[in-house]
Every structure is written in C-alpha cells, then in structure tokens.
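The structure appears right after this line, and notes come after that.
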C-alpha cells in the first residue's frame with residue numbers, strides 16, 4: 001500500500017431535439033431527463049431502505065449507465081465501457097430514460113410499478129419513431145452492460161467485524177450495533193473490498209495513522225467532542241444542532257445529487273455534460289467510501305462514545321472520562337477514523353469544483369426526514385465545513401477524523417476526475 005502524503009452524432013442529437021420541440025413545444029424541450037431520472041434514482045434507493053454505502057454504489061451504476069448511453073450518441077467524452085454503439089440518429093433522451101429505468105427496475109423490483117409509470121411518463125414527451133426506438137435500445141444495452149460489470153464487485157454478501165477485548169484506542173461495538181450470533185458486531189466489513197469505479201485500488205489511498213492517544217492533538221479533539229457532542233451539551237449552538245441532525249438523516253448521495261441537480265440548472269449545461277457530471281460525482285463518492293472503509297478497518301480506531309467512557313485508560317493526562325456521555329446522534333457501527341461522510345463529501349466536492357467552480361452558487365438542501373431544517377449555501381466548502389461540524393457536534397467523530405476524511409476524499413475525487421470520462425478533442 002502507498003500512503004497519501006463527430007458530425008453524424010451531432011446531427012442525430014439535433015434532429016431528436018428538433019422533433020421534440022416541434023411536437024411538444026419549447027418548454028418540453030428544455031426538460032432534462034438526466035436530472036429527472038437522477039432524482040428518481042436517489043429516491044428509489046432511499047425508499048427501498050438502502051444504507052448510505054449501497055446508495056452510493058447504486059447511484060454510480062445508474063449514472064454511468066446513463067452517461068454511457070447518452071455519450072454513445074453524442075460522442076462528447078471518452079466512454080467508460082467503450083462497448084456501446086448507438087445507431088445513427090438515436091435519441092439521447094430516450095437512451096437516458098431507458099438506461100436509468102433498466103438499472104433501477106433490475107435492482108429494485110419492489111418499485112417496478114412506480115418506475116414503469118415514470119418511464120412511460122418520460123418517454124411520452126418524445127415522439128414515436130426510429131430515433132426513439134434506437135435510443136431506448138442504446139439505453140438498454142448500456143444498462144445491462146453496467147449491471148453485468150458490477151455483478152461480482154464485492155458488495156455482497158455482508159460481512160461483520162467481531163470486536164476484540166477492550167483495549168484503549170481500539171474500536172468496540174456501541175449500543176446500536178446489531179447482534180450476530182450473540183455478539184455485537186461492526187457492519188460493512190466487506191465494503192473495503194468493493195471494486196472501485198474510478199480508481200485502480202482503494203489501497204492506493206492509505207492515510208497516516210490517527211493521532212497517538214498520548215498526544216496533544218488527540219486531547220484537543222477528545223475534549224472538543226466531549227464538550228459539544230453530548231446529548232446534554234449546553235455548548236452546542238442551535239445551528240450546529242441543526243446541521244448535526246440534518247447530516248445524520250441525509251446521506252452523501254442524497255446531498256450531493258441534490259447539489260448537482262440545482263447547480264447544473266444554473267449553468268444550463270447540455271444533456272451529456274449533466275450526465276457526465278453526475279457520473280463523475282457519484283463515482284467519486286462511492287470510491288471515497290470504499291477507501292474510507294479500508295482505512296477504518298485498517299486502523300480500527302475507537303469512537304468518541306467508547307473513548308470518553310474510558311478516558312481514564314488512554315494514558316493522556318488531559319482527557320477526563322465521562323461514563324455518562326451519550327452522543328447527540330446515534331454512533332454508526334464501525335470504526336471512527338476517517339469519517340465516511342467527510343470522505344464522500346470531499347470526494348464529491350473535489351469533482352464539483354473542477355466542473356462548476358467553487359463559488360457563486362445558490363444551493364438549498366432539504367430532506368423530508370427533517371422537514372424543519374433547510375440549509376442554504378453559496379459555496380461547496382460551506383457544505384463540507386458543515387458536514388465536518390455535524391459529525392463532531394453530533395458526538396460521533398473526533399475532529400481529526402474529519403480532517404482525515406477531507407484529505408482522503410480530495411485525493412480520491414481528484415484521481416477520479418483526472419482519469420475518467422474526459423472530454424474528447426478534435427484530434428482524438
């Protein structure tokens with residue numbers, strides 16, 4: 001492990017758009033089915049009870065299938081699979097709809113009736129004809145190819161971490177952890193071995209170890225989370241309570257696909273540009289989570305909840321134990337270092353900065369699970385800063401976990417962006 005220190009296609013697209021405009025009017029032609037089906041994909045995974053890691057994987061599969069199908073027709077970027085060939089004149093909107101539909105209906109058969117209705121409604125906006133038929137066939141081919149590619153990617157079967165005897169600094173199960181064969185265990189042990197989408201190997205992104213228990217850095221992080229992260233804390237401002245609750249309820253997939261949906265509409269990018277942006281962002285989030293789990297189970301570092309209960313065992317004179325400490329939000333059931341949310345968020349944001357720039361956005365984040373909390377942002381950094389605070393003020397992470405997640409996510413996001421789905425040039 002190394003550590004982290006042409007012309008026919010344009011004609012086809014134009015013809016499809018022209019037909020839609022003439023048939024249904026200019027308002028319908030402005031609708032972007034890529035963004036529409038991205039929202040459907042995220043909502044479908046959530047409705048089916050998928051955890052944040054599975055959500056990231058499914059979103060990446062959907063968005064890569066959509067990208068591959070649209071790009072096979074428009075030819076603006078280098079492909080991901082490179083095996084999908086679109087008939088001349090195929091409609092990219094029909095391809096995007098079918099690609100997303102086929103992936104989602106395959107993985108989530110319980111949502112079949114809803115997805116069937118969404119597909120019918122989306123395809124109704126495209127005139128019947130050979131362009132539509134060929135677009136659907138292209139989307140179908142891309143979806144099936146992506147599904148086949150990910151059939152044995154290590155995401156299943158589930159594996160669990162059995163904690164060892166209590167040792168200072170080592171992860172122990174916390175109260176919400178599931179019981180398997182009579183033992184409270186850690187979850188998602190297999191996720192460190194999931195095949196990444198956009199990086200060669202998660203092992204290329206091994207972080208330096210967490211701070212030593214006897215260090216000042218550890219004591220500072222310990223005392224911060226003990227002070228502001230307790231359910232009983234009087235040092236946590238209401239706005240920090242709000243972000244802690246919001247990001248406990250909102251996965252990176254929910255957050256950053258919502259971000260792309262809004263920022264993409266600000267920029268009025270093309271169908272292929274939106275498909276590519278969503279594919280790159282979701283690849284980066286998934287791969288950041290895979291690399292995060294590799295680091296988590298490599299270092300096996302304890303959670304604040306465990307650490308604060310056992311503060312008198314860590315050999316640090318500046319940490320005082322508090323057996324009554326209860327975190328403001330529920331502690332996840334796997335090791336602390338680095339933060340998953342911080343890793344995925346910074347992976348997403350690193351790609352977003354390259355695509356859209358850091359500033360001058362108008363982003364509103366909401367989640368029906370916490371209907372009274374609505375967050376407003378103008379930069380991507382504001383979001384990652386809030387996520388960092390959310391995990392510390394929520395009592396489930398040390399600040400050093402967040403710093404490490406930021407470093408990891410940025411490295412993964414940078415690699416994904418640089419090495420995947422690059423724009424073609426005239427000499428390619």
| said: For the condition assigned by TED's automatic domain parsing to the domain that holds residue 385, crowded, with 19+ Cβ neighbours inside 10 Å, assigned to a helix (DSSP H, G or I) and touching a strand residue (DSSP E or B) at 6+ places or on another chain (Cβ under 9 Å), what is the one hit in 281, 225? | reply: 225
| said: Filter the range 164-174 down to the residues that are surrounded by 11 or more Cβ atoms within 10 Å (Cβ to Cβ) and either assigned by TED's automatic domain parsing to the domain that holds residue 396 or assigned to a loop (DSSP other than H, G, I, E, B) (or both) and list them by number. | reply: 166, 167, 168, 169, 171, 172, 173, 174
| query | Of 56, 45, 72, which residue is within 19 Å of residue 113 (Cβ to Cβ) and assigned by TED's automatic domain parsing to the domain that holds residue 133? | reply | 45
| said: If residue 20 satisfies all but one of (1) at pLDDT 95 or above; (2) over 30 Å from residue 342 (Cβ atoms), what's the number of the condition it fails? | reply: (1)
| task | Go through 250, 203, 230 for me and flag whichever is within 30 Å of residue 320 (Cβ to Cβ) and not assigned by TED's automatic domain parsing to the domain that holds residue 80. | result | 230
| field | Members of the range 130-158 that are more than 13 Å from residue 100 (Cα to Cα) and surrounded by fewer than 16 Cβ atoms within 10 Å (Cβ to Cβ) | value | 130, 133, 148, 151, 152, 153, 154, 156, 157, 158
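The values are calculated or read from the model by the stated rules, or taken from the named source; none is laboratory data. Fair warning: this is a prediction, and the values are worked out from it, not measured in the lab. As a convention, Cβ positions derive from the backbone with ideal geometry for all residues, glycine included, and neighbour counts pool all protein chains shown.
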